[in-house]
Amino acid sequence: MEFVQPIREKKKIETIKKLLKQQKLRDYCLFVVVYSEKETVSGIFDYV
């Protein structure tokens with residue numbers, strides 16, 4: 001299994017969302033849900 005780094009640049013995230021939306025709506029929805037949940041959790045820890 002390969003290790004991967006998280007995508008942190010907003011521009012790259014938007015590009016991936018755009019590509020996924022054009023290819024498969026299911027993959028786009030999963031990406032958006034998982035990303036938004038991680039963003040919310042990391043945002044909580046910024047204030048702790």
Residue check for Q5: modelled with pLDDT of 80 or more, outside any helix (DSSP H, G or I) and more than 9 Å from the chain's Cα centre (by Cα): yes
Positions within region 1-37 being of a type in the set (V, I, T) and in contact with a Phe, Trp or Tyr (Cβ under 9 Å, 6 or more places away or on another chain), in sequence order: I7, I13, I16
Cβ pairs under 8 Å, 6+ apart, first in region 11-31 and aliphatic (A, V, I, L, M), second assigned to a helix (DSSP H, G or I): I13/Y35; I16/F31; L20/D27; L20/Y28; L20/F31
Residues that are modelled with pLDDT of 85 or more and not in a helix (DSSP H, G or I), drawn from region 16-48: K24
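The values are calculated or read from the model by the stated rules, or taken from the named source; none is laboratory data. This structure is a prediction, so every number in the text was calculated from the model and none was measured. Don't worry about glycine lacking a Cβ; one is built from the backbone with ideal geometry, like all the others, and counts go over all protein chains shown.
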